[in-house]
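First the structure, in the form of C-alpha cells, and then the observations on it.
A short reminder: the numbers here are calculations on the coordinates, not readings from a lab. These numbers were taken from a predicted model, which means no experiment stands behind them. Counting neighbours? That spans all protein chains shown, and the Cβs are built from the backbone with ideal geometry, glycine included.
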C-alpha cells in the first residue's frame, strides 16, 4: 500500500504528496484524487483573489501546493474539453471537435461519444492494478447501437465504478429556472417547422382553387405524418428533464430525473465511501462536480448563505464537498508526504491535457506510443526541476478551427499569443449572448490578417495589442507561431466525426430508463454503495 496521494483541484491548484523522483517516477504506486468543477470562474475562489465567496478548502489546497495561473482548457465547452482531459489529446484527434452549432452531446440517447479506441488515464491505471472511480459528470456519451452496449460509458473507458450524470446538468434539469432547449438553435428549428406548415396550408389552399392538382389521400397522409412529428417534438421538449437529467450507478439508472438539491452531498458521500473502502489498495478517484454549471440548486443548509445568490451558494457548497473529501484523506493518513514547495505559483503555460501524461508517468506507466499525445509531463515544472513550460506551442481550438495559439520560446520570459480569428460578441458585451454559445465559423467570427499579437506574460488580460509591423522581432514571432500551427495541423489524422448530425440526434432505442414505461424513479438509499 502507498501512503502517497496526488490531489489536483480545478486543474489549477495542486496539493501532491509524492517523492520528487526522476521526472516524477516513484518507487511505490501513488494514489490520485482529481477534482473538476463545471463552469467555475477562476476569480470566484479565494486563492485567486476573491474575497466575497468563502472557499477555505480550495484555498488550503493552493496554500499547501502549487497554483497554475496559465493552465488552459483544450476547448471552451464540456464534451470536447473533457475528452481532451481524459485522453491527453486535442479533441480533433478523436473526432470530438464539433464543426456546427451544436458543440456538446445534447441528449442521453445520442449515439456520439468518446470512441472505444481512445485510451484514458483511467484505462492505463486500471491495467496497472488501480481501483478507478468516477463520481460526477461524464458527458462523453453512453451507447452506440442499442441501449445496453454502453460503448461510450465510463466503465468502458477504464473506470471500475461510476456514480453520476452520464450527460450533465443544464438549466432544463432544474425546476422553473429557464431552458437551453428553447433558445437560439431551437428557435431556428421552430422557424423551419412554421415555414413548412405554412407551405402545406398554402398548397391546400391552391388545391381548393384548382391552381395545383394532387391526390388528397397522399396529401392527408403527409400532413398526418407532419403533425405527428410536431407533436413528438413538442413531447420531447416537454420531457427533456425526464429523459436526460439522469443519475446512474455503474450501468443502472437510479434516479430519473435527479434531485439537484441533494446531488453534491450525494457525490460527496460516494467519494468519501470510496476512499474509506479502498484505503489499502492504489486508487484513482476522479470527482467531476456537475455544478456550478446551471441549473443551480443547493442543499438547504447552503441556500441563501452566500453574498452572490444561488451561484455563490453553489460555489460554497462545492468547497464544502472538497473539504469533506480532503478531511477523509487526512483521517486515512494519505496526505503526509508533501514534497512540493507550498504556496508556490507557476505562470508558465500548461494544459489540462498534461494531467493525462503526468498521472500516467507518476504511476510508473508508459505513455501510449501508437498515437499522438499532446499532454506533457509537468511534474518537473511543479517540483522546480524545470522552470520553462514543456509546451513550445499550445493551440486554442474553437470546434475544428484553430482561432489562436500560444508560443513559449525556450529562452526569455515571454509567452506570446496570436489571434487568427475572434468571435463576434453581442454588441456592448464580451460574450455571444444572441447564440447561447459562440459559434466558430464564418458569419459569426472575424478573421485577422495580420493576426492580433499579445505578450501574455506581461499582459495576461490582453489589453495591449502589439503592432506587428513596428518591429521585425514581432514579425518573426508571428512567423514562428504560424509554422508551429502548420506543423500541428500536419500531425492531425482524420477521425470519425462524433458530432455529425446522425451522431447527435435523439435515437429512441438508446434511451436509458428506469421503471419502464414511466422513466421515473428516485434513489432509495442516499449515499454510497459498492
Item checked: Gain in span if fully extended, residue 194 to residue 422, counting 0.36 nm per residue against the direct Cα distance -> 78.8 nm
Check: Using the 10 angstrom Cβ neighbour count as an exposure proxy, how do 232, 247, 453 rank, fewest first?
Finding: 232, 453, 247
Checklist line | Length-normalised contact order for the chain - Cα pairs under 8 Å, 6+ apart - percent | finding: 25 percent
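Take the Cα pairs of segment 62-194, get the Kirkwood Rh, then feed it into Stokes-Einstein at 37 °C and 0.692 mPa s and tell me D in µm²/s.
Details: Rh = 16.6 Å.
For the chosen part, D equals 198 µm²/s.
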Next item on the list: Kindly express, to the nearest 10 degrees and within the range 0 to 90, the angle between helix 78-87's C-alpha long axis and the longest C-alpha principal axis of the chain.
Entry: 40 degrees
Checklist line | Radius of gyration, Dmax [segment 390-490; alpha carbons; angstrom] | finding: 14.2, 43
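R0 = 35 Å: FRET efficiency of residue 128 with residue 491, Cβ-based, nearest 0.05? Don't skip to the answer; put the middle values down first.
Numbers: r = 28 Å, r/R0 = 0.79.
So, using R0 = 35 Å, E works out to roughly 0.80.
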Note to self: Quick check on the chain: helices-only [θ] at 222 nm, where DSSP H runs of length 4 and up contribute -39,500 (n - 2.57) each and the sum goes over total residues. Nearest 500, please.
What the structure shows: -9000 deg cm²/dmol
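Where the convex hull is taken over the Cα atoms of the chain, what is its projected area averaged over directions, in nm²? Could you put the intermediate results ahead of the total?
Details: hull surface 112.9 nm².
So the mean shadow area of the Cα hull is 28.2 nm².
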Checklist line | Theoretical FRET efficiency, 1/(1+(r/R0)^6), r = Cβ-Cβ of residue 345 and residue 464, R0 30 Å, to 0.05 | finding: 0.85
Margin query: What do you get for the angle between helix 263-277 and the principal long axis of the chain? Use alpha-carbon atoms, 0 to 90 degrees, nearest ten.
Written below: 40 degrees
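Sorted from fewest to most neighbouring beta carbons within 10 Å, what does the list 291, 472, 126 look like? Present the calculation step by step, with values, prior to reporting the outcome.
Numbers: 291 28, 472 9, 126 17.
With the sparsest Cβ surroundings first, the list reads 472, 126, 291.
For the residues 89, 249, what sequence is obtained by ranking on other C-beta atoms within 10 Å, fewest first?
249, 89
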Next item on the list: Give me the angle, in degrees from 0 to 90, between the Cα long axis of helix 184-208 and the longest principal axis of the Cα atoms of the chain, rounded to the nearest 10.
Entry: 10 degrees
